[in-house]
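Engineer: Can you read through this structure? Questions will come right after.
The values are calculated or read from the model by the stated rules, or taken from the named source; none is laboratory data. The shown structure was predicted, so the numbers you read here are calculated from the model rather than taken from an experiment. Cβ placement follows ideal geometry from the backbone for every residue including glycine, while neighbour counts extend to all protein chains displayed. These accessible areas exclude ligands, DNA and RNA; they are computed on the full protein's heavy atoms, side chains included. Shrake-Rupley method; radii C 1.70, N 1.55, O 1.52, S 1.80 Å.
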Amino acid sequence: MATAILVTFSSAAEPAELAAIAAEFAGALTDVDGLLGKTWLETHGGSGGFYIFRDDAAADAYLSGPLVAALQQHPKFSDFLVQRFGVDEALSARTHGLPSP
């Protein structure tokens with residue numbers, strides 16, 4: 001079953017700096033095994049993303065991996081919140097919520 005992760009955090013980075021960090025991060029995401037997609041989110045004073053993974057194992061590997069660790073250690077990022085959700089794949093496929101195989 002697919003797994004969804006919602007990650008939000010506060011950022012003290014200037015907009016241009018945050019955009020540069022996000023661009024680099026986006027490039028690194030292309031190599032994450034089991035990541036089906038990410039929607040980039042903006043919050044008041046922060047940022048985040050809604051991720052869809054192939055399964056729990058892929059989500060666990062991402063959350064315990066070097067990309068998330070680097071974000072959490074960044075001096076301008078704080079207040080990380082990670083929420084995990086199961087995905088109703090049948091209904092999500094009907095509403096284009098999952099990428100096509």
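Engineer: Could you look through segment 59-86, keep only residues that are open to solvent by 80 Å² or more (accessible area, probe 1.4 Å) and not aliphatic (A, V, I, L, M), and pick out the one that is farthest from residue 5 (Cα to Cα)? Show your work before the answer.
Structural biologist: Filtering segment 59-86 down to residues open to solvent by 80 Å² or more (accessible area, probe 1.4 Å) leaves 64, 66, 72-73, 75, 79, 81, 84-85.
Those left that are additionally not aliphatic (A, V, I, L, M): 64, 66, 72-73, 75, 79, 84-85.
Details: 64: 13, 66: 17, 72: 16, 73: 19, 75: 23, 79: 16, 84: 5, 85: 6 Å.
In this case the residue turns out to be 75.
Engineer: Consider segment 24-57. How many of its residues are over 19 Å from residue 10 (Cβ atoms) and small (Gly, Ala, Ser)?
Structural biologist: Matching residues across segment 24-57 total 6.
Engineer: So, one more: Going through segment 22-58 one residue at a time, which ones are in contact (Cβ under 8 Å) with a residue 40 or more places away in the chain and either open to solvent by less than 40 Å² (accessible area, probe 1.4 Å) or touching a His at 6+ places or on another chain (Cβ under 7 Å) (or both)? Even if it seems obvious, please write down each step before you answer.
Structural biologist: Quick first cut of segment 22-58, residues in contact (Cβ under 8 Å) with a residue 40 or more places away in the chain only: 25, 36-37, 48-56, 58.
Once the filter is applied, which keeps residues that are in contact (Cβ under 8 Å) with a residue 40 or more places away in the chain and either open to solvent by less than 40 Å² (accessible area, probe 1.4 Å) or touching a His at 6+ places or on another chain (Cβ under 7 Å) (or both), segment 22-58 yields 25, 37, 48, 49, 51, 52, 53, 58.
Engineer: If you don't mind, there's one more thing I want to ask. Taking the criterion of being touching a Ser or Thr at 6+ places or on another chain (Cβ under 6 Å) and touching a residue at least 60 places away in the same chain (Cβ under 8 Å), would at least one residue in segment 11-19 satisfy it?
Structural biologist: So in segment 11-19, the residues touching a Ser or Thr at 6+ places or on another chain (Cβ under 6 Å) come out as 11, 18.
If we keep only those that are touching a residue at least 60 places away in the same chain (Cβ under 8 Å) as well, we get 11.
Yes - at least one qualifying residue is present in segment 11-19.
Engineer: Give me the strands (runs of 3 or more DSSP E) completely within segment 1-70, filtered to those with at least 1 residues that are of a type in the set (D, E, K, R) and within 18 Å of residue 82 (Cβ to Cβ), ordered by residue number. Even if it seems obvious, please write down each step before you answer.
Structural biologist: Working: elements: 3-11, 35-43, 46-53.
The qualifying strands (runs of 3 or more DSSP E) are 35-43.
Engineer: Look through segment 59-101, keep the residues that are in contact (Cβ under 8 Å) with a residue 60 or more places away in the chain and among the basic types (Lys, Arg), and return whichever of them is nearest to residue 33 (Cα to Cα).
Structural biologist: Once the filter is applied, the top-ranked residue is 84.
Engineer: So, residue 13, is that one more than 14 Å from the chain's Cα centre (by Cα), open to solvent by less than 60 Å² (accessible area, probe 1.4 Å) and aliphatic (A, V, I, L, M) or not?
Structural biologist: Values: more than 14 Å from the chain's Cα centre (by Cα): yes; open to solvent by less than 60 Å² (accessible area, probe 1.4 Å): yes; aliphatic (A, V, I, L, M): yes.
Judged against the criteria, residue 13 is a match.
Engineer: In addition: Residue 90 - would you say it is over 24 Å from residue 21 (Cα atoms) and either open to solvent by 80 Å² or more (accessible area, probe 1.4 Å) or modelled with pLDDT under 95 (or both)? So that I can check it myself, show each step before the final result.
Structural biologist: Working: over 24 Å from residue 21 (Cα atoms): yes; either open to solvent by 80 Å² or more (accessible area, probe 1.4 Å) or modelled with pLDDT under 95 (or both): yes.
Considered against the rule, which asks whether it is over 24 Å from residue 21 (Cα atoms) and either open to solvent by 80 Å² or more (accessible area, probe 1.4 Å) or modelled with pLDDT under 95 (or both), residue 90 comes out as yes.
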